[in-house]
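Before any comments, here is the structure.
Quick note: the coordinates plus some simple rules give every number you see, no bench work behind them. Note that the structure is a prediction, hence the values are computed from the model and not measured. As a convention, Cβ positions derive from the backbone with ideal geometry for all residues, glycine included, and neighbour counts pool all protein chains shown.
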Amino acid sequence: MTNFQGIVHGKCPKCKIGKIFESKGNLFLLKEPKMHSHCTNCGYRFEKEPGYFIGSLYVSYGLAVAELLTLFIIINPIINSVYWILSIMITVLILLSFFNFRNARTIWIYIFQT
Ligand SMILES: [Zn+2]
């Protein structure tokens with residue numbers, strides 16, 4: 001399994017078998033995604049130190065910008081109203097928030113794996 005496949009499937013960067021998140025969370029039930037502190041297969045520690053995942057906010061920002069830019073390119077020729085475009089983009093951003101949260105942390109773990 002490559003690193004890209006590991007990120008997409010949310011697997012441990014060391015063994016690529018254990019999962020990083022124990023639950024994906026549910027936006028509609030207001031249940032946030034839950035992470036394992038260590039890999040269930042090899043014991044790799046995901047959070048190296050307190051505040052380790054603050055840097056993943058930059059990754060989350062990058063993901064959100066890429067998603068919204070793609071969405072804007074798709075809907076701009078179809079919809080002429082700025083207010084509708086903004087409303088759709090904000091709605092999509094909220095709906096993708098847990099997806100971005102999980103993937104930003106996973107990418108952050110893969111960037112700084114040892
Ligand atoms: Zn592992």
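The long axis of helix 56-75 is offset from the longest Cα principal axis of the chain by roughly 30 degrees. Rounded to 0.05, the FRET efficiency of the Leu86 and Gln5 pair, given R0 = 22 Å and the Cβ-Cβ distance, is 0.05.
Between Ser56, Ser87, Ser37, the GNM of the chain built on Cα springs shorter than 10 angstrom shows Ser87 fluctuating the most.
The residues Ile78, Ile88, when put in order of fewest to most other Cβ atoms within 10 Å, stand as Ile78, Ile88. Magnitude of the charge dipole for segment 3-111, about its Cα centre and with charges confined to Cβ atoms of Lys, Arg (+1) and Asp, Glu (-1), is about 440 debye. Does a label point 7 Å from the Cα of Phe112, set along Cα-to-beta-carbon, have any residues of segment 1-27 with amide nitrogen under 16 Å, and which are they? Flagged as within label range: 13-14.
From helices alone, the chain scores -16000 deg cm²/dmol at 222 nm; the rule is -39500 (n - 2.57) for each run of n ≥ 4 DSSP H residues, then divide by the residue total. Using all pairs of distinct alpha-carbon atoms, the Kirkwood hydrodynamic radius of the chain works out to 15.4 angstrom. Of the chymotrypsin sites (Phe, Trp or Tyr not before Pro) in segment 1-108, the ones in a loop by DSSP (not H, G, I, E or B) with at most 15 other beta carbons within 10 Å are Phe28. Multiplying the residue separation of Ile79 and Asn41 by 0.36 nm and subtracting their alpha-carbon distance yields 8.8 nm. How many angstrom lie between the Cα centre of segment 65-103 and the Cα centre of segment 17-58? That distance is 25 Å.
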